[in-house]
Amino acid sequence: MDAIMSLCKRRGFIFQASDIYGGINGFWDYGPLGAQLKKNLREAWWQDMIMNPCWGRKGPNGRRVECVPVETRIIQHPKVWEASGHVGGFNDPMVDCKETKGRYRYDHVMVFVPESGDAGDKPVFAYVGDQPSESKQKKKAEKTFGAVKSVALSSIPQPWTRVIAPEAEKPGTLTEPRMFNLMFDTIPGAIKDEANRAYLRPETAQGVFLQFKNVVDSSRVKIPFGIGNTGTSFRNEVTPRNYTFRSREFEQAELEFFCHPDESFKWYEFWRDFRMDWWKSIGLAGENLILREHAKDELSHYSVGTSDVEYRFPFTFPEFGELEGIAHRGNYDLTQHQKHSGAKLEYFDQERGELLPNGSKRGERYLPHCIEPAAGLDRGALAILCEAYTKDESRPSPEIMKFHPRIAPIKAAVFPLVNKDGMPEIAEKLYDAVRARFAKVGFVEFDEKQSIGKRYARMDEGGCPFCFTVDGQTATDQTVTVRDRDTGAQSRMAMDQVVKFLEDKLGV
Ligand code: GAP
């Protein structure tokens, strides 16, 4: 992970937010390559979920899947979050340290104890995995006990008078766990009145339920159909960690797919399978990706069935971390908003109900059920970065980012082999043509600096799938070399075939 993070900073994928001020915990920015990578991921989602859902695959009803987008605000009426259950139920248990003022998620705190489990009257050492406290506390624990093992803080009986908190010196400074609401709040407007307190959305999903009626009334959608929403969400995570994996500000891409209750489980299975296929299609194929069905006791307050698409990140290895949850939310959200707002959110389905003598159907009024594939774009981008990172010591520059061409932020590069004999002029012409065609999907680079080997190496680190080089032969036979990032192999092709070649490879 250290190598990946270092490349991400060096090549401009991810930077610490407010870096020049020492950063701010739980917030990350994207540099030029990262911003384009994330845009490509968002566009791929938008294209395959909204504009041409499921690549034209038919749903369990035998028809094409229909979806429309909305774009809803971060701040909504405060009652929204009471109705959704976030005010009452969106809590994490946390413990505070009275000595350091550190705050930790209770279920993330581990303790080093002697291997026998019996510390006698000696203090034991608490830490949070992947934080600097882990190695410091381990060293201290080993000095006291020799061989140690980790146990969860929850397995140690309270009060924790002999537990030394992460970063603390004295034992007994951890408070009892208490619930902490994860929503950030703010007071919009000039009057700082409690009654005006609002929240930054912790998920994009609720915006869809709020506009469900307006979408039905204003467009020609008919059940079953989906409404997609992408954008920034905020959660005041107690222990942000693992790079961008658990951030306080992050981007989601969520689809709420509304269907008749009788068909909901078939749609749930359909979306679960499609979402797995989708992540594979953009380069996460292989053993690092799994689909995991939640056990009943893991389900969220609203869910009657959930599966997660999980990726094996270097920091979760050998376990997996959630990329996307596909939840069967039943009609929980529409029921709640109907109750709390007083608005009628039922759908009148003209295609259901008994057949009338005039040949039409009587119709049926119901609250649709909702299947929700909820993806995280920052976690998606992180998984893509981890999967792409490849070390090949046999290559002059051993670090290669093997992005899927659709997601790669740099799509192509054009080089003159040397800066003379008319090569730069021909290369610039080719560059102009390639850039004009592909700039809408990513960077096209022109590089004439340093040796050709160094230029290939730079492109490998940036994950550029194809480099085209104008050389001594180009002026005579109008061919260039094309170098494949993944194999390093080069072949010749006619210069006027370059755009067509890229169109096929990039699928645009
Ligand atoms: N509307 C349902 C919902 O929000 P979730 O599982 O809490 O479900 C969906 O979030 C996705 O959002 C997650 O699978 C993850 O990719 C992303 N996500 C959630 N919390 C995050 C955080 N603190 N940092 C980065 N991504 C996060």
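The values are calculated or read from the model by the stated rules, or taken from the named source; none is laboratory data. All values derive from a computational prediction rather than experimental measurement. Virtual Cβ from ideal backbone geometry, glycine too; neighbours counted across all protein chains shown. Protein only, heavy atoms only, side chains kept; ligands, DNA and RNA dropped before computing areas. Shrake-Rupley method; radii C 1.70, N 1.55, O 1.52, S 1.80 Å.
For region 132-150, state whether one or more residues are in contact (Cβ under 8 Å) with a residue 40 or more places away in the chain, of a type in the set (A, V, I, L, M) and surrounded by fewer than 20 Cβ atoms within 10 Å (Cβ to Cβ). The answer is no, given that none of the residues of region 132-150 is in contact (Cβ under 8 Å) with a residue 40 or more places away in the chain, of a type in the set (A, V, I, L, M) and surrounded by fewer than 20 Cβ atoms within 10 Å (Cβ to Cβ). Filter region 100-110 down to the residues that are part of a loop (DSSP other than H, G, I, E, B) and surrounded by 16 or more Cβ atoms within 10 Å (Cβ to Cβ) and list them by number. If the condition is that a residue be part of a loop (DSSP other than H, G, I, E, B) and surrounded by 16 or more Cβ atoms within 10 Å (Cβ to Cβ), then GLY102 is the only one that fits.
Please note which helices (runs of 4 or more DSSP H) are completely contained in region 420-508 and include at least 2 residues that are buried (at least 16 other Cβ atoms within 10 Å of the Cβ). Filter on region 420-508 gives 423-438, 452-462, 498-506.
What about ASN229, is it closer than 22 Å to LYS38 by Cβ and not hydroxyl-bearing (Ser, Thr, Tyr)? Here the answer is yes, as ASN229 does meet what is asked. Within the span defined as region 312-328, one or more residues are more than 19 Å from the chain's Cα centre (by Cα), within 13 Å of the ligand (Cβ to nearest atom), more than 28 Å from GLN131 (Cα to Cα) and not aromatic (Phe, Trp, Tyr). Here ARG235 meets each of (1) modelled with pLDDT under 95; (2) not assigned by TED's automatic domain parsing to the domain that holds PRO132 with one exception, condition (1).
When the residues of region 171-183 are filtered to those that are part of a loop (DSSP other than H, G, I, E, B) and open to solvent by less than 50 Å² (accessible area, probe 1.4 Å), the one that is farthest from HIS77 (Cα to Cα) is GLY172.
Return the residues of region 390-407 that are touching a Leu at 6+ places or on another chain (Cβ under 8 Å), open to solvent by less than 40 Å² (accessible area, probe 1.4 Å) and part of a loop (DSSP other than H, G, I, E, B); say none if nothing qualifies. Within region 390-407, PHE403, PRO405, ILE407 meet the criteria. Considering (1) of a type outside the set (Lys, Arg); (2) modelled with pLDDT of 95 or more; (3) under 20 Å from GLU237 (Cα atoms), the lone condition that PHE180 does not fulfil carries the number (2). Candidates GLY286, GLY207: the one that is open to solvent by less than 10 Å² (accessible area, probe 1.4 Å) and under 22 Å from the mean Cα position of the chain (by Cα) is GLY207. Applying the criterion of being within 11 Å of the ligand (Cβ to nearest atom) and at pLDDT 85 or above to the residues of region 290-306, the residue that is least open to solvent (accessible area, probe 1.4 Å) is THR306. The residue that is nearest to the chain's Cα centre (by Cα), counting only those in region 443-488 that are aromatic (Phe, Trp, Tyr) and under 11 Å from PRO416 (Cβ atoms), is PHE446. For residues that are under 22 Å from ARG57 (Cβ atoms), among the β-branched types (Val, Ile, Thr) and within 15 Å of the ligand (Cβ to nearest atom), scanning just region 210-243, find the one that is surrounded by the fewest Cβ atoms within 10 Å (Cβ to Cβ). Across region 210-243, the extreme among qualifying residues is THR230.
If the condition is being out of contact with any Gly (no Cβ under 7 Å at 6 or more places or on another chain) and either within 16 Å of the ligand (Cβ to nearest atom) or open to solvent by less than 30 Å² (accessible area, probe 1.4 Å) (or both), then region 337-369 contributes HIS337, LEU345, TYR347, TYR366, LEU367, PRO368. Of the residues ARG272, ARG246, the single one that is surrounded by 14 or more Cβ atoms within 10 Å (Cβ to Cβ), within 19 Å of the chain's Cα centre (by Cα) and either away from the ligand (no atom under 16 Å from the Cβ) or under 20 Å from LEU385 (Cα atoms) (or both) is ARG246. No other residue among PHE180, PHE209, PHE112, PHE125 is within 30 Å of GLY226 (Cβ to Cβ) and in contact (Cβ under 8 Å) with a residue 24 or more places away in the chain apart from PHE209.
Scan region 188-204 for residues that are modelled with pLDDT under 95 and either open to solvent by less than 30 Å² (accessible area, probe 1.4 Å) or in a loop (DSSP other than H, G, I, E, B) (or both) and the total you get is 7. Here ASP92 clears all of (1) at pLDDT below 95; (2) surrounded by fewer than 18 Cβ atoms within 10 Å (Cβ to Cβ); (3) of a type in the set (Asp, Glu) except the condition numbered (2).
The set of residues in region 99-128 that are over 13 Å from VAL238 (Cα atoms), of a type outside the set (Val, Ile, Thr) and in contact with a strand residue (DSSP E or B) (Cβ under 8 Å, 6 or more places away or on another chain) comprises MET110, PHE112, PRO114, GLU115, GLY117, ALA119, PRO123, PHE125, ALA126, TYR127.
When the residues of region 151-170 are narrowed to those that are outside any strand (DSSP E or B) and of a type in the set (Val, Ile, Thr), which ends up surrounded by the most Cβ atoms within 10 Å (Cβ to Cβ)?
From region 151-170, those outside any strand (DSSP E or B) are 153-162, 165-170; that's our starting set.
Next, from what is left, pick out any that are of a type in the set (Val, Ile, Thr): 156, 161.
Values: ILE156: 18, THR161: 10.
Filtering first and then ranking leaves ILE156.
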